[in-house]
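Comments concern the structure below.
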Amino acid sequence: MASRDLSSEVSRAILDRIRKARRVSVLTGAGVSAESGIPTFRGAGGIWEKYDFNKLATPHGFMENPELAWDWYQLRQREMMKAQPNEAHLVIAEMEDHFPSFAVLTQNIDGFHRRAGSRNIVELHGNIWRMRCVRDGTIVELDSPVEHIPPLCQCGSIMRPDVVWFGEPLPSEAIEAASTVARESDVMFVVGTSAIVYPAAALPALTKSAGGLVVEVNVEPTPVTAYAALTLFGPAGEVLPAFWTLVR
């Protein structure tokens, strides 16, 4: 892929402000992982066009048929294990070493940011590589797809994927941490998210209202486009490396 030249699209004032920033965050959504071959959940071609979220991504559906749900999550884990972090994930990990304070706020559950080398990550919607006991909340980390379906806790109860399902609130610790990061960010990059799923979609507005700079990277306009200081349209794996070359 030919390197994209963004020099005519980015002002020197914005570059200078990013270079001087001390607190930087990146909010990522499904569009980032889509470039690694992981389908998005919503929109044309999204997962919920093909599968019934009521059976696979709600507490009631899970408890009604945990074997069916776990069959699907096991398949998803296998797909994610075969896929690799893309250039956007790698550049975001590189950015962390450049700024005194840096955080990744992600709506993705695939764990690609950590695999790419990011360290300070707030997972707003959980992680498919963790499971949680439905009775006592015990957390178990996974380094490979779950083997026995349904997996059981040591207490004998069923384990569920440690992800946020429809009808469930985001973990309070995660949204509080993300909100604090957003309010304190000198710059927030908003990458590959539709910015329509709340409360995550409100995070860029927190940065903006606190006087921070919002830079958006997406393939199409979103609600963030209206107030971002800069929006760059295109795939994150193409745009972010080109943009980071300018910043450095």
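The values are calculated or read from the model by the stated rules, or taken from the named source; none is laboratory data. Computed from a prediction, not measured in an experiment: that's the story for all the values here. Note that we place each Cβ from the backbone using ideal geometry, even for glycine, and neighbour counts take in every protein chain shown.
Out of M188, M159, which single residue is in the same structural domain as F233 (by TED's automatic domain parsing), surrounded by 19 or more Cβ atoms within 10 Å (Cβ to Cβ) and either of a type in the set (D, E, K, R) or touching a Pro at 6+ places or on another chain (Cβ under 9 Å) (or both)?
Result of the check over M188, M159: M188.
Please determine whether any residue of the stretch 175-198 is more than 30 Å from D16 (Cβ to Cβ), among the β-branched types (V, I, T) and modelled with pLDDT of 95 or more.
yes
Collect the residues in the stretch 191-200 that are surrounded by 16 or more Cβ atoms within 10 Å (Cβ to Cβ) and among the aliphatic types (A, V, I, L, M), keeping them in residue-number order.
V191, A195, V197, A200
Any idea how many residues of the stretch 94-115 are in contact with a His (Cβ under 8 Å, 6 or more places away or on another chain) and surrounded by 21 or more Cβ atoms within 10 Å (Cβ to Cβ)?
Looking only at that region, the number is 7.
Yes/no matrix, rows are residues, columns are (1) touching a strand residue (DSSP E or B) at 6+ places or on another chain (Cβ under 6 Å); (2) outside the structural domain of T245 (by TED's automatic domain parsing); (3) within 30 Å of W244 (Cβ to Cβ):
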{"residue": "L56", "(1), (2), (3)": "no, yes, no"}
{"residue": "P66", "(1), (2), (3)": "yes, yes, no"}
{"residue": "H89", "(1), (2), (3)": "no, no, yes"}
{"residue": "A103", "(1), (2), (3)": "yes, no, yes"}
{"residue": "G137", "(1), (2), (3)": "no, yes, no"}
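Only one residue in L240, L246, L203 is closer than 16 Å to I92 by Cα and crowded, with 23+ Cβ neighbours inside 10 Å, so which one is that?
Of the residues listed, the single one that is closer than 16 Å to I92 by Cα and crowded, with 23+ Cβ neighbours inside 10 Å is L240.
Can you spot a residue in the stretch 148-161 that is outside any strand (DSSP E or B), closer than 27 Å to F99 by Cβ and of a type in the set (S, T, N, Q)?
No: the stretch 148-161 contains no residue that is outside any strand (DSSP E or B), closer than 27 Å to F99 by Cβ and of a type in the set (S, T, N, Q).
Search the stretch 196-223 for residues that are basic (K, R) and pair each with any residue that is part of a loop (DSSP other than H, G, I, E, B) when their beta-carbon atoms are under 7 Å apart and the residues are at least 6 apart or on different chains.
K208/Y227
Testing L75 on (1) in contact (Cβ under 8 Å) with a residue 12 or more places away in the chain; (2) not assigned by TED's automatic domain parsing to the domain that holds F233, one condition comes back false. Which one is that?
L75 satisfies every listed condition except (1).
Among the listed residues A178, A182, A174, which satisfies the condition of being in the same structural domain as V104 (by TED's automatic domain parsing), under 30 Å from E216 (Cα atoms) and without any contact (Cβ under 8 Å) to a residue 60 or more places away in the chain?
After applying the criteria, what remains is A174.
Restricting the search to the stretch 162-208, which residues are assigned to a loop (DSSP other than H, G, I, E, B) and either polar (S, T, N, Q) or more than 16 Å from the chain's Cα centre (by Cα) (or both)?
Within the stretch 162-208, F166, G167, E168, P169, S185, D186, T193, S194 meet the criteria.
Looking at V217, V197, V191, V187 in this structure, which one is over 26 Å from P241 (Cα atoms) and among the aliphatic types (A, V, I, L, M)?
Being over 26 Å from P241 (Cα atoms) and among the aliphatic types (A, V, I, L, M) holds for just one of V217, V197, V191, V187, which is V197.
Can you name every one of the helices (runs of 4 or more DSSP H) wholly within the stretch 66-147 that holds 1 or more residues which are modelled with pLDDT under 95, over 24 Å from P235 (Cα atoms) and not polar (S, T, N, Q)?
Answer list for the stretch 66-147: 66-82.
Give the residue that is nearest to the chain's Cα centre (by Cα), with candidates limited to residues of the stretch 209-228 that are among the aliphatic types (A, V, I, L, M) and surrounded by fewer than 16 Cβ atoms within 10 Å (Cβ to Cβ).
V219
Let's see how each residue does on (1) in contact with a strand residue (DSSP E or B) (Cβ under 8 Å, 6 or more places away or on another chain); (2) closer than 11 Å to L124 by Cβ:
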site	(1), (2)
C155	yes, no
I158	yes, no
P171	yes, yes
F189	yes, no
I196	no, no
A201	no, yes
